[in-house]
Amino acid sequence: MFQEVDETTGRHLPFATSVGCAVWHDLEGARKRALLELVERDAMAQAWYNRLGISALPEGLLSEVLPPELTHYLNDQPRAWGLYHVETDLAVQVVMAVSHDGYGKGCAFGASAGWDIAQASVGALQEMLQSENALTLMNKAYPVTGKSDETPKQPPRQLAYARERVIFEDLPLKDAAALSETAALTTSSFEALLQSCFDRGIGLWEFDATRQDLGIPCIKLMSAELCTWEPRFGKKRLFHGVVERGLRQTPAKEPEFAIRPFPF
């Protein structure tokens, strides 16, 4: 994790980030996975704050790209679930997965990038299932009603959102158009993704975070241009990316984004 610093004062800020960091059995694999996470956050941030660039994965496609046992497991659960394609101008597939109580409350979330729609879909569902488990544990740790003599604890933002908000009010999931077959069949590679970043003037910095005592290859990638989930609005792509792709005519303003912080 990298702790951030205020450049004007030199003081360390009370938060850090592990975005764009991955481990694998070799540095090449760690590098690929770190880049996938970095561009997934970039695509998802633009979709969340602009409420644009989201398409539904049709059931026919799901039967082709998901393992049957995973589909059966999800369908047997009491929660509703869905997969959605997240548009990006980079050479990669990005998918978002959500599950909820059927009415949009209790939302769990996952997102993933991959070289094809199948890899991204499975990764997003795995993240979503982790989110469901986390919500279950948070519910136990932060009960709605506690002892009368105790001051209620402030729940984490994910749990507060699940209890109070409806995902359909924040993202246009019900009205999302189906993903086209052409877009679904598009595949990519690490080299193609890297080149698409460079073609758009996106710089990437690499830090070898491998610990000598553990010997597990670990790569951290950073970019000044790519967006993140957190409400930091200095990234040009967050405002202009959807305009350049024809999803809206003019860029949004910072106050519009400030009232919709990413809750997951």
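The values are calculated or read from the model by the stated rules, or taken from the named source; none is laboratory data. Keep in mind the model is a prediction, meaning the values are calculated, not measured. Neighbour counts are summed over all protein chains in view; Cβ atoms, including those assigned to glycine, are modelled from backbone coordinates with ideal geometry.
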**Prompt:** Quick one: would you say D175 is surrounded by fewer than 17 Cβ atoms within 10 Å (Cβ to Cβ), within 23 Å of R51 (Cβ to Cβ) and either modelled with pLDDT under 95 or among the charged types (D, E, K, R) (or both)?
**Reply:** yes
**Complete:** Restricted to the range 48-64 and to residues being touching a residue at least 60 places away in the same chain (Cβ under 8 Å) and in a helix (DSSP H, G or I), the residue farthest from the chain's Cα centre (by Cα) is L61
**Item:** Members of the range 178-229 found to be exposed (fewer than 11 other Cβ atoms within 10 Å of the Cβ) and within 19 Å of L247 (Cβ to Cβ), listed by number
**Value:** T182
**Request:** Answer yes or no: is there a residue in the range 27-39 that is surrounded by fewer than 15 Cβ atoms within 10 Å (Cβ to Cβ) and not aliphatic (A, V, I, L, M).
**Result:** yes
**Prompt:** Only one residue in R165, R200 is charged (D, E, K, R) and out of contact with any Pro (no Cβ under 9 Å at 6 or more places or on another chain). Which one?
**Reply:** R200
**Prompt:** If we keep just the residues of the range 195-217 that are aromatic (F, W, Y) and either outside any strand (DSSP E or B) or in contact with a Lys or Arg (Cβ under 8 Å, 6 or more places away or on another chain) (or both), which is nearest to V23 (Cα to Cα)?
**Reply:** F207
**Request:** With the checklist (1) surrounded by 14 or more Cβ atoms within 10 Å (Cβ to Cβ); (2) in contact (Cβ under 8 Å) with a residue 12 or more places away in the chain in hand, flag the one item P261 doesn't pass.
**Result:** (1)
**Request:** With respect to R232, determine if the residue is within 19 Å of the chain's Cα centre (by Cα), among the charged types (D, E, K, R), surrounded by 11 or more Cβ atoms within 10 Å (Cβ to Cβ) and not in a loop (DSSP other than H, G, I, E, B).
**Result:** no
**Message:** Please verify whether K140 is in contact with a helix residue (DSSP H, G or I) (Cβ under 9 Å, 6 or more places away or on another chain), farther than 30 Å from R31 by Cα, loosely packed, with under 15 Cβ neighbours inside 10 Å and not polar (S, T, N, Q), treating the condition exactly as stated.
**Reply:** no
**Message:** Quick check on this structure: which one of V94, V122 is in a strand (DSSP E or B), surrounded by 14 or more Cβ atoms within 10 Å (Cβ to Cβ) and in contact (Cβ under 8 Å) with a residue 40 or more places away in the chain?
**Reply:** V94
**Of all residues in the range 235-256 being outside any loop (DSSP other than H, G, I, E, B) and among the basic types (K, R), the one that is nearest to A176 (Cα to Cα)** = R237
**Prompt:** If you take the residues of the range 7-47 that are in a strand (DSSP E or B) and over 17 Å from the mean Cα position of the chain (by Cα), which of them is modelled with the highest pLDDT?
**Reply:** V23
**Asked** What is the residue count in the range 156-171 for residues that are outside any helix (DSSP H, G or I) and buried (at least 16 other Cβ atoms within 10 Å of the Cβ)?
**Response** 1
